[in-house]
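Structure, as structure tokens:
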Amino acid sequence: MKAFTDHFCHLFGEVHTSISVDWANLYPDTNWHLEDLNVPFTEAEIKEAIFSLGADKALGPDSFSLFFFQIFWNTIKTDLLALFYYLHNSTMQIKRLSYALITLIPKVKGASTISKF
């Protein structure tokens with residue numbers, strides 16, 4: 001199994017990114033309270049964002065509409081709050097948000113090496 005994983009990771013690539021923003025250097029001559037940008041999201045802020053948008057809107061072409069998030073808020077809020085917590089603390093593994101299931105189909109009869117799938 002590791003051979004297949006290594007082969008396809010090499011084929012499709014794997015991106016590792018990290019983002020850090022130094023607000024003071026970006027806006028040195030401002031008297032804004034930029035440290036407020038580094039505080040964690042609150043449950044109230046997240047809920048307000050979800051409930052203030054149109055219920056018929058979707059976050060992406062393959063995503064649930066906001067109606068789903070609004071109706072099931074009490075069921076999913078713990079997981080959503082955890083997601084924002086990990087995102088804020090830079091412990092979120094972004095690659096875990098999007099998985100793909102690859103089904104290997106042989107290109108040739110009797111395929112015996114990875115490249116023949």
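The values are calculated or read from the model by the stated rules, or taken from the named source; none is laboratory data. Small disclaimer: the values here were computed from a predicted structure and weren't measured. Neighbour counts are summed over all protein chains in view; Cβ atoms, including those assigned to glycine, are modelled from backbone coordinates with ideal geometry.
Working carefully through the options PHE64, PHE41, PHE69, find the one that is modelled with pLDDT under 90 and under 30 Å from ALA24 (Cβ atoms).
Values: PHE64 fails: under 30 Å from ALA24 (Cβ atoms); PHE69 fails: under 30 Å from ALA24 (Cβ atoms).
The match here is PHE41.
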* Select from segment 72-97 the residues that are modelled with pLDDT of 90 or more and among the hydroxyl-bearing types (Ser, Thr, Tyr) and write down the one among them that is surrounded by the fewest Cβ atoms within 10 Å (Cβ to Cβ). => THR75
* Structure fact -> Counting only residues in segment 46-61 that are exposed (fewer than 11 other Cβ atoms within 10 Å of the Cβ) and under 27 Å from ASN89 (Cβ atoms), the one nearest to the chain's Cα centre (by Cα) is identified as GLY60
